[in-house]
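Dropping the structure in here first, questions after.
The values are calculated or read from the model by the stated rules, or taken from the named source; none is laboratory data. Fair warning: this is a prediction, and the values are worked out from it, not measured in the lab. Ideal geometry is used to build each Cβ from the backbone, glycine not excepted, and the neighbour counts take in all protein chains shown. Areas reflect the complete protein model, heavy atoms only, side chains present, ligands, DNA and RNA absent. Shrake-Rupley method; radii C 1.70, N 1.55, O 1.52, S 1.80 Å.
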Amino acid sequence: MGRGNHTEMAIAFSKYHGLGNDFVLVDNRHQADLMLTPEQAIKWCDRNFGIGGDGVIFVLPGSPGTDYTMRILNSDGSEPEMCGNGIRCLAKFIADLETADGTPTAPPQAYTIHTLAGPITPTLQRDGQVTVDMGEPILTAGAIPTTLTAAADRAIGQTLSVDQQDWVVTCVSMGNPHCITFVKDAAAIDLAAIGPKFEHHSAFPQRINTEFIEVMSRNYLKMRVWERGAGATLACGTGACASLVAGVLTERCDRTATVELPGGPLLIEWSDVDNRVYMTGPADKVFAGKME
Ligand code: ZDP
């Protein structure tokens, strides 16, 4: 006899995506340990030999003061602190699980989620979108972490040498680390070639997520991303938030802007009232199954 949805034979999963940034969701509410090893997560994420996904996300019991805990494994098996698109998917998954348990949600519904980046609060909206209070951006170089240093210990508009070329970068953590470069033509960037060189650069002791941003106007940014542990993805929520913050810090954009990703748009606001970043976007279920 299995407990919950976990038997000796198979583990139930659901597949969700946020703008094409896709995740396998696992109901891990009945135990404190992850139901998959990093090696299994790598296999599940394989697009030819597995389910396919940019990562696996687990919903676990909450810590004191939170409703649930979210943990993530990237498609390379590494564990990031946070995941913006993923937490929108997680909110929908929780609503689906609670509905199956007999307590349907009536939006707007907020959940407080414990993550390695602290408590994060997604709210399901009536129109099906999810708004996430992503918390305050971290700008201190040592905490991001990056060894690039500058005035006030922030890494804003710093020169980084990658592949014998100088890039002017700004680094921001949304719980996970990001390096943002503003470019004239984002489409011209050879992500697969340059992305890994940013990701593994010695200036980033915990590796880095890398965004290339084209400023279309003060409230419209176009973004391409190379994710730590996952490679080129169609969208990155924490990356969109970090990029808006970098755009404000370098006086390129307003505090509210649409960030267009290959998979579609996110609305991002960096509040001047509480210094927190708010992200609004979709999350959709695609299918469910059991993995042997
Ligand atoms: O920090 C990392 O290692 C990322 N790969 C985590 C995933 C980030 C994500 N794409 C997002 O939307 O924030 C899921």
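Hey, any idea what % of segment 144-292's accessible area is carbon plus sulfur with a 1.4 Å probe?
Carbon and sulfur atoms account for 49 percent of the accessible area of segment 144-292.
OK, next. With a 1.4 Å probe and every protein chain left in place, tell me how much accessible area residue 39 has, in Å² to the nearest 10.
My reading of the accessible area for residue 39 is about 120 Å².
Going by the alpha-carbon gyration tensor, a ≥ b ≥ c the square roots of its eigenvalues, is segment 39-164 rounded (a/c under 1.5) or, if a/c is not under 1.5, prolate (a/b greater than b/c) versus oblate?
Oblate, because a/c is 1.5 or more while a/b does not exceed b/c.
Compute, for residue 19, the solvent-accessible surface of its heavy atoms (probe 1.4 Å) with the complete set of protein chains present, and express it in square angstrom to the nearest 10.
20 Å²
Can you work out ³J(HN,Hα) from phi for every residue in segment 198-207, in order, using Karplus 6.51 cos²θ - 1.76 cosθ + 1.60 and θ = phi - 60°, giving whole Hz and x for Gly and Pro?
5, 3, 9, 5, 5, 6, 10, x, 9, 6
Using alpha carbons only, how many angstrom separate the centre of segment 159-176 from the centre of segment 112-140?
That distance is 25 Å.
At a 1.4 Å probe, what is the % contribution of carbon and sulfur to the accessible area of segment 1-85?
52 percent
Out of 176, 209, 219, any idea which swings most in a Gaussian network model of the chain, alpha carbons joined below 10 Å?
The residue with the greatest mean-square fluctuation here is 219.
Full-extension gain between residue 105 and residue 163, please, as 0.36 nm times their residue separation minus the C-alpha to C-alpha distance. Could the numbers behind the result be given before it?
Numbers: separation 58, 0.36 × 58 = 20.88 nm, distance 5.04 nm.
Result for the pair: 15.8 nm of gain on full extension.
Hey, what D do you get for segment 38-101 in µm²/s if you plug the Kirkwood alpha-carbon radius into Stokes-Einstein at 37 °C and 0.692 mPa s?
In µm²/s, the coefficient is 261.
Additional query: What does the C-alpha gyration tensor say about the overall shape of segment 90-130? Classify as rounded when a/c is under 1.5, otherwise prolate if a/b is larger than b/c, or oblate.
Note, shape of segment 90-130 comes out oblate.
With every protein chain in place, what's the accessible area of residue 17 (1.4 Å probe, Å², nearest 10)?
50 Å²
Determine the order of 72, 156 by accessible area, beginning with the largest, at a probe radius of 1.4 Å.
Numbers: 72 5, 156 55 Å².
I get 156, 72, largest accessible area first.
Per residue, what accessible area does the chain have, given a 1.4 Å probe and all protein chains present, in Å²?
Here the residues of the chain average 43 Å² of exposed surface.
Also: Of 35, 234, 164, which is farthest along the charge dipole of the chain in the positive direction, counting Lys and Arg as +1 and Asp and Glu as -1 at C-beta?
234
Another question, then. Can you tell me which of 143, 235, 257 moves the most in a GNM of the chain? Springs connect C-alpha atoms under 10 Å apart.
Its mean-square fluctuation being the largest, the pick is 143.
If you don't mind, there's one more thing I want to ask. Under 10 Å, Cα contacts only: if you run a Gaussian network model on the chain, which one of 173, 243, 217 comes out with the highest mean-square fluctuation?
217
For the chain, what does -39500 (n - 2.57) per DSSP helix run (n ≥ 4), summed and divided by total residues, give at 222 nm, in deg cm²/dmol to the nearest 500?
Counting only the DSSP helices, I get -5000 deg cm²/dmol.
For the Cα atoms of the chain, what angle does the longest principal axis make with the long axis of helix 84-100, in degrees from 0 to 90, nearest 10?
The angle comes out at about 20 degrees.
Distance between Cα centroids, segment 213-280 to segment 1-80: provide it in whole Å.
Measuring centre to centre over Cα atoms gives 26 Å.
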